Amino acid sequence: MSEFAGLSDHFIMRMHEFIRNEVQADALAGTRLVGLPARHRAERLFKEIERRGLVCRPIEWPEHLAGTSGEGVDWPRRTASN
């Protein structure tokens, strides 16, 4: 049974869009709150979206999460002092 089996198309799309919004907010704020677990979740959601025949825009991941090796790139955190 799929981890998304009991969820509606709308809910699946909203979860994917929520992650996209968080990634964009990080990029605009210069922060690093979204990490690899969110990317992995988004990838599973995207596969489910495709499986259901739905369409959505792919997420543009920041450099520290852009690799497919499963390891993030060292990316400095933004703090109040910088």
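Remarks
- Karplus 3J(HN,Hα) series, Hz, for the stretch 19-31 with 6.51 cos²θ - 1.76 cosθ + 1.60 (x for Gly, Pro): 5, 4, 5, 5, 5, 5, 5, 4, 4, 5, 8, x, 10
- Shape call, the stretch 9-58: gyration tensor on alpha carbons, a/c limit 1.5: prolate
- Taking other C-beta atoms within 10 Å as the exposure proxy, GLU17, GLU60 rank GLU60, GLU17 from fewest upward.
- Inter-part distance, the stretch 48-62 to the stretch 16-41, computed on C-alpha centroids, equals 15 Å.
- Placing unit charges on the Cβ atoms only, positive for Lys and Arg and negative for Asp and Glu, gives the stretch 9-58 a dipole magnitude near 120 debye about its Cα centre.
- Taking 0.36 nm per residue of separation and subtracting the current Cα-Cα distance, fully stretching the chain between ASN21 and GLU43 would add 6.4 nm.
All of the numbers you see were taken from the coordinates with simple rules; none came from a lab. All values reported here derive from a predicted model rather than from experimental measurement. No Cβ is skipped: glycine too gets one built from the backbone with ideal geometry, and neighbour counts run over all protein chains shown.
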